[in-house]
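The values are calculated or read from the model by the stated rules, or taken from the named source; none is laboratory data. The structure presented is a predicted model; accordingly, all values stated were derived computationally and were not measured. Note: ideal-geometry Cβ built from the backbone for every residue, glycine included; neighbour counts use all protein chains shown. To get the accessible areas, we keep the full protein, side chains included, count just its heavy atoms, and leave off ligands, DNA and RNA. Shrake-Rupley method; radii C 1.70, N 1.55, O 1.52, S 1.80 Å.
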Amino acid sequence: MKAMLINNYGENGNFEVSEIAKPTVKANHVLVKIAASSVNTIDTMIKNMGTDLPLSPATPALLGMDFSGTIESVGDGVEGFKVGDEVYGCAGGLADLPGTLTEYIVADSNLVAHKPKGLTMRETAALPLVAITAYEGLTRAGVKEGQKVLVHGGSGGVGHLAVQLAKYFGAEVFATGTGDNQKAIVEKFGATFIDFKTEKVADYTAKYTNGGFDVVFDTVGGANLTNSIEAVALNGHISTTVSLCELDLTPLHFKGASLHVVFMLIPMLHNFKRDAHGNILERLAEISNEGHLTPIVDENKFSLEEVGDAYAHLQSGKAIGKIVVEN
């Protein structure tokens, strides 16, 4: 089968069209004919950093984590799936798990779910990694009806789904960003837009809350975590997807607030509670089927052979929504 392989990592590393053996299904796995795959920031980090990241596959590497497609074969022990089912998941492209930048993937059935009925394969491929991350961040923080939730980076890949899910869970949602495009995305999904370049944390926290936001979902992280700590309520919750930093937690301590670090690759990397991801994906499909979850997909279209251009487009910072590669 055709595959786009990386033989040398680094900024100048290129994807090369290659022919590799079509995989055969094995116990507890499904063989999926891939329709589409989306590009995530972690994918570009692996490509550029290579072995500097402990989760990077050995070269020649088959990258790509998210996929949508159709089951072609079902392995022994698999329940709930049959040949012909349309599915989606995040199941490869790191460590020793072959990725999705090819025609077929043999995926652990615990990492797969039935695709949302109302979304195209292209839209569905945009969901898994970012939607699971958004769901985990909100549920671990205990989001519930009547709360005030702040999403930092509300128009981003994780952020725009977190806004939709927080609304679905019954919260009043606020989201940071800047510029007319980001404002339009945030407001499209029913959240109040906060321009972080013109509004100070203390000011918007006082304007919209009585002492702080019940939950802050920080998809920006790093230095921005100090803003999250400033914005969170006493005994509130912060979820972050980016905590690769040194930070003085003294202000967090005096608020008695909780910090939840979301690293959604753990089930894949460590074969740890993988069924949780399959269950979350099934739940996300239900929410989407009810009309409450739709990903924004960048208008630029890329074929499998154009995956290098897709990665470059993500790194350009000009993409609006998730970038999808179609087979």
Residue 194's amide H: which non-local residues (gap 5+, or another chain) put their own amide H closer than 5 Å, with H modeled 1.01 Å from N in plane and none for Pro or chain starts? 175, 176, 177
Can you give the Kirkwood hydrodynamic radius for segment 204-317, in Å, rounded to one decimal and based on Cα pairs? 17.4 Å
If the label point sits 7 Å along Cα→Cβ of residue 144, residues of segment 220-257 with amide N under 20 Å come out as 232-239, 256-257
Per residue accessible area of segment 114-163, 1.4 Å probe, in Å²: 29 Å²
Over segment 124-263, what percent of the accessible surface lies on carbon and sulfur atoms, probe 1.4 Å? 52 percent
Overall form of segment 50-152 per C-alpha gyration tensor (a/c, 1.5; a/b vs b/c): oblate
Counting all C-alpha pairs of segment 101-213, share separated by more than 21 Å (%): 44 percent
Based on the Cβ-Cβ distance of residue 51 and residue 246, what FRET efficiency does E = 1/(1 + (r/R0)^6) give at R0 = 22 Å, to the nearest 0.05? 0.40
FRET efficiency (residue 82, residue 188; Cβ distance; R0 35 Å; to 0.05) is 0.45
Starting at the first residue of segment 282-296, write each ³J(HN,Hα) from the Karplus equation 6.51 cos²θ - 1.76 cosθ + 1.60 with θ = phi - 60°, in whole Hz, x for Gly and Pro. 5, 5, 4, 5, 4, 5, 5, 4, 7, x, 10, 8, 9, x, 8
Set 148/197; 33/188; 47/82; 22/322; 26/273; 144/197, cut-off 26 Å on Cα-Cα distance; pairs above it are 33/188; 47/82; 22/322; 144/197
Principal-axis tilt of helix 159-168 within the chain, Cα atoms, nearest 10 degrees: 70 degrees
Segment 221-286 - Rg and Dmax from Cα coordinates, angstrom: 14.9, 41
Carbon/sulfur accessible area of segment 1-68, % of total, 1.4 Å probe, equals 50 percent
Per-peptide average of other Cβ atoms within 10 Å, ordering 29-35, 107-113, 194-200 highest first: 107-113, 29-35, 194-200
Interatomic Cα distance distribution for segment 275-327, bins of 5 angstrom, percent: 5, 18, 18, 15, 15, 19, 10, 0
With DSSP loop assignment and no more than 16 other C-beta atoms within 10 Å, the chymotrypsin sites (Phe, Trp or Tyr not before Pro) in segment 232-279 are 263, 272
Output the direction-averaged projected area (hull surface divided by four) of the convex hull of the alpha-carbon atoms of segment 115-159, in nm². 4.0 nm²
Accessible area in square angstrom per residue, segment 1-102, 1.4 angstrom probe: 43 Å²
Using the Kirkwood radius over Cα pairs, work out the Stokes-Einstein diffusion coefficient for the chain at 20 °C and 1.002 mPa s, in µm²/s as a whole number. 106 µm²/s
Net charge over other residues, Cβ less than 14 angstrom from the Cβ of residue 198 (K, R count +1; D, E count -1): 0
So what is the relative contact order of the chain, in percent, for Cα pairs below 8 Å that sit 6 or more residues apart? 18 percent
By the scheme Lys and Arg +1, Asp and Glu -1, what is the net charge of all other residues having a beta-carbon under 14 Å from that of residue 63? -3
Determine the percent antiparallel among the DSSP beta bridges restricted to the chain, to the nearest 5. 55 percent
For segment 1-107, the Rg and Dmax computed from alpha carbons only, in angstrom: 13.9, 43
Could you state the number of Å between the C-alpha centres of segment 206-223 and segment 230-309? 16 Å
With a/c under 1.5 counting as rounded, go ahead and sort segment 145-280 into rounded, prolate or oblate using the C-alpha gyration tensor (a ≥ b ≥ c being the square roots of the eigenvalues; past the cut-off, prolate if a/b is larger than b/c, else oblate). oblate
Could you work out the helix-only [θ] at 222 nm for the chain, with each DSSP H run of four or more residues adding -39,500 (n - 2.57) and the total divided by the number of residues, to the nearest 500 deg cm²/dmol? -8500 deg cm²/dmol
